[in-house]
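Peer 1: What follows is a single structure, and I will ask about it in a moment.
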Amino acid sequence: MISIVKAGVKDAALLSGLATQTFIESHGHSAAAADIDAYVTKNYTPAMLQAELEDPDNIYHIQYYHKLPVGFSKIILNSPYEGSPGNAVTKLERIYLLKSYYGTNLGPALMDFLIHLMKKEKQTGVWLYVWKENNRAIRFYEKKGFTITGSYDFPISATHSNPNHRMLLKF
């Protein structure tokens, strides 16, 4: 049984744990442990997530599987990048699934939910950044129709950045 629920301020602590675990699982080997720890400590504390949840521009969802939280997403509607195809494009800032649930079709279910929501909100596309060495994620996005449109150095710490693709899906 899958359910996807819009997250609220009350979910900050749950999101903190889920975000920390999923980030480490997917990016933990991309930089030194100290850099990864610094990133997680800065970006995924309950207080930081509470502040993000209080901002109406940030739309978080939590995905549950048999009532267990297994994934989450964060989107920002009407968030174009320089050179994007118009203003009505969504930034998919975060989409993560616990590694133990890879291959269960939960990731595609969450993405399909988000695309439906974006279209309902009259968005004309969605864009994101993905680490260039995350081949699994790149294949996932390509299967959904995303194409690479640029690059970006994603800062993990003051001394380390990961090279990312910018990918776009037009509706």
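The values are calculated or read from the model by the stated rules, or taken from the named source; none is laboratory data. No experiment lies behind these values; they were computed from the predicted model shown. When we count neighbours, we look across all protein chains shown, and the Cβ atoms used for this are built from the backbone with ideal geometry, even at glycine. Just so you know, the surface numbers come from the protein's heavy atoms only, side chains and all, with ligands and any DNA or RNA stripped out. Shrake-Rupley method; radii C 1.70, N 1.55, O 1.52, S 1.80 Å.
Peer 1: Name every residue in region 145-163 that is open to solvent by less than 60 Å² (accessible area, probe 1.4 Å), in contact (Cβ under 8 Å) with a residue 24 or more places away in the chain and in a loop (DSSP other than H, G, I, E, B), in order of residue number.
Peer 2: Gly145, Ile156, Ser157, His160
Peer 1: While we're looking at this one, here's another question. Restricting attention to region 45-55, does a residue exist that is hydroxyl-bearing (Ser, Thr, Tyr) and in contact with a strand residue (DSSP E or B) (Cβ under 7 Å, 6 or more places away or on another chain)? I'd like the intermediate steps shown before the answer.
Peer 2: If we filter region 45-55 for residues that are hydroxyl-bearing (Ser, Thr, Tyr), which is where we start, we get 45.
Of the ones still in play, those that are also in contact with a strand residue (DSSP E or B) (Cβ under 7 Å, 6 or more places away or on another chain) are none.
No, region 45-55 has no match at all.
Peer 1: Being more than 24 Å from Phe113 (Cβ to Cβ) and charged (D, E, K, R) is the filter here; which residues of region 126-171 pass it?
Peer 2: Lys132, Glu133, Asp153
Peer 1: Here is a check on your reading of the model: is Pro69 farther than 23 Å from His165 by Cβ, open to solvent by 20 Å² or more (accessible area, probe 1.4 Å), out of contact with any Phe, Trp or Tyr (no Cβ under 7 Å at 6 or more places or on another chain) and at pLDDT 95 or above?
Peer 2: On the way: farther than 23 Å from His165 by Cβ: yes; open to solvent by 20 Å² or more (accessible area, probe 1.4 Å): yes; out of contact with any Phe, Trp or Tyr (no Cβ under 7 Å at 6 or more places or on another chain): yes; at pLDDT 95 or above: yes.
It is true that Pro69 is farther than 23 Å from His165 by Cβ, open to solvent by 20 Å² or more (accessible area, probe 1.4 Å), out of contact with any Phe, Trp or Tyr (no Cβ under 7 Å at 6 or more places or on another chain) and at pLDDT 95 or above.
Peer 1: Hey, among the residues in region 72-88 that are of a type in the set (A, V, I, L, M) and within 24 Å of Leu49 (Cβ to Cβ), which one's least open to solvent (accessible area, probe 1.4 Å)?
Peer 2: Ile75
Peer 1: Name the residue, out of Pro46, Pro56, that is under 24 Å from Phe113 (Cα atoms) and either under 14 Å from the mean Cα position of the chain (by Cα) or surrounded by fewer than 17 Cβ atoms within 10 Å (Cβ to Cβ) (or both). Reasoning before the result, please.
Peer 2: Working: Pro46 fails: under 24 Å from Phe113 (Cα atoms).
Sole residue among the options that is under 24 Å from Phe113 (Cα atoms) and either under 14 Å from the mean Cα position of the chain (by Cα) or surrounded by fewer than 17 Cβ atoms within 10 Å (Cβ to Cβ) (or both): Pro56.
Peer 1: Can you give me the number of residues within region 15-43 that are of a type in the set (D, E, K, R) and buried (at least 17 other Cβ atoms within 10 Å of the Cβ)? Steps first, please.
Peer 2: Restricting attention to region 15-43, the residues satisfying the condition of being of a type in the set (D, E, K, R) are 25, 35, 37, 42.
Those left that are additionally buried (at least 17 other Cβ atoms within 10 Å of the Cβ): 35.
Qualifying residue count, region 15-43: 1.
Peer 1: Suppose we filter region 133-143 for residues that are over 15 Å from the mean Cα position of the chain (by Cα) and without any contact (Cβ under 8 Å) to a residue 40 or more places away in the chain; how many remain? First the steps, then the outcome.
Peer 2: Of all residues in region 133-143, those over 15 Å from the mean Cα position of the chain (by Cα) come to 133, 135, 139, 142-143.
Pick out the ones that are also without any contact (Cβ under 8 Å) to a residue 40 or more places away in the chain and you get 135, 139, 142-143.
Summing the residues that are over 15 Å from the mean Cα position of the chain (by Cα) and without any contact (Cβ under 8 Å) to a residue 40 or more places away in the chain in region 133-143 gives 4.
Peer 1: Restricting to region 142-171, and then to whatever is of a type in the set (A, V, I, L, M, F, W, C) and at pLDDT below 95, can you tell me which residue is nearest to Ala33 (Cα to Cα)? Break it down into steps so the answer makes sense when it comes.
Peer 2: Initially, region 142-171 is screened for residues of a type in the set (A, V, I, L, M, F, W, C), giving 146, 148, 154, 156, 158, 167-169, 171.
From what's left, at pLDDT below 95: 154, 156, 158.
Working: Phe154: 16, Ile156: 11, Ala158: 14 Å.
Ranking the qualifying residues of region 142-171, first place goes to Ile156.
Peer 1: How many residues does region 100-136 hold that are open to solvent by less than 20 Å² (accessible area, probe 1.4 Å) and small (Gly, Ala, Ser)?
Peer 2: 2
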